[in-house]
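The values are calculated or read from the model by the stated rules, or taken from the named source; none is laboratory data. Being a predicted model, the structure only gives us computed values, none of them experimental. Please note: Cβ atoms are built from the backbone with ideal geometry, for glycine as well, and neighbour counts cover all protein chains shown.
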Amino acid sequence: MSAQRDPIKQWKEDFFLEGGLHPHLWKLKGRSLRHAAKVLADRFLRVFERAEADPAYAHEMPPEDAKELQLYSVWWLLAGLTLEVLAKGVILAKTPSSKRSAKMNEIWKPRTGHNLEWLLAEAGLADEVQQQRGTLRALSESVRWAGKYVLPKCKDTVMDSPLPPSRDTVEIVEELAERLEKACC
């Protein structure tokens, strides 16, 4: 008697392989992450810019505003994930569908999976990688650990100096995300 495959299990495997490798789904997820990052940026930048302009406010900041500033580290995580997911979508869009499964195995490897410099270069934004290397490294570290944990697994991976909150950094991420979305599909 031959063993029959469970049809539900087969459907799940087929959906995972076909759906997960479709660039459009990566673009949709990237857009969701981008929107969430924008919401957080608007909130922490409002408070940060007010504190920069008014030292008295900075010293006597209400607790609810201080909480808004804490959204900054979560923004780094979402901003990094936004670029990562969109870049992976672009890479998949550039890859023939018959080779996407192998390409996903390559971009999920530890050395490349959260490495925004590598992912953006693979997605065709090598010039931007050169110009924004420090920001991309900070975003990669945020996705790897800094946006999620208190400490990394190894003391050698602690960032030298996290970038301070700035509208410029938010705009850099927005510009890169826009370019990736347009290139995706």
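A few comments on the model shown:
- Taking region 69-87 as the range and being more than 16 Å from Glu171 (Cα to Cα) and at pLDDT 95 or above as the test, the residues that pass are Glu84, Val85, Leu86, Ala87.
- Within region 109-140, considering residues that are part of a helix (DSSP H, G or I) and charged (D, E, K, R), the one surrounded by the fewest Cβ atoms within 10 Å (Cβ to Cβ): Arg111
- Restricting Val143, Val150, Val173 to those that are more than 23 Å from Glu49 (Cβ to Cβ) and buried (at least 19 other Cβ atoms within 10 Å of the Cβ) reduces the list to Val143.
- Which listed residue is at pLDDT 95 or above and under 17 Å from Glu84 (Cβ atoms), from Leu33, Leu25: Leu33
- Within region 96-104, one or more residues are touching a helix residue (DSSP H, G or I) at 6+ places or on another chain (Cβ under 6 Å), modelled with pLDDT under 95 and surrounded by 15 or more Cβ atoms within 10 Å (Cβ to Cβ).
- Residue that is nearest to Ser32 (Cα to Cα) [pool: residues in region 73-103 that are part of a helix (DSSP H, G or I) and among the polar types (S, T, N, Q)]: Thr82
- Test result for Arg5, outside any helix (DSSP H, G or I) and free of Cβ contacts under 8 Å to residues at least 12 places away in the same chain: yes
- Glu106 passes every criterion in (1) in a helix (DSSP H, G or I); (2) under 27 Å from Arg43 (Cα atoms) apart from (2).
- Pairs meeting the criteria (first residue in region 118-140 and without any contact (Cβ under 8 Å) to a residue 12 or more places away in the chain and of a type outside the set (Asp, Glu), second residue assigned to a helix (DSSP H, G or I) and surrounded by fewer than 18 Cβ atoms within 10 Å (Cβ to Cβ), beta carbons under 8 Å, at least 6 apart or on different chains) are Trp118/Arg111; Trp118/Thr112.
- Qualifying residue in region 129-138 (condition: modelled with pLDDT of 85 or more and over 30 Å from Ala51 (Cβ atoms)): yes
- Residue in region 5-20 that is of a type in the set (Asp, Glu), more than 23 Å from Val173 (Cα to Cα) and buried (at least 17 other Cβ atoms within 10 Å of the Cβ) present: no
- His24 vs. criteria within 22 Å of the chain's Cα centre (by Cα), surrounded by fewer than 21 Cβ atoms within 10 Å (Cβ to Cβ) and not charged (D, E, K, R): yes
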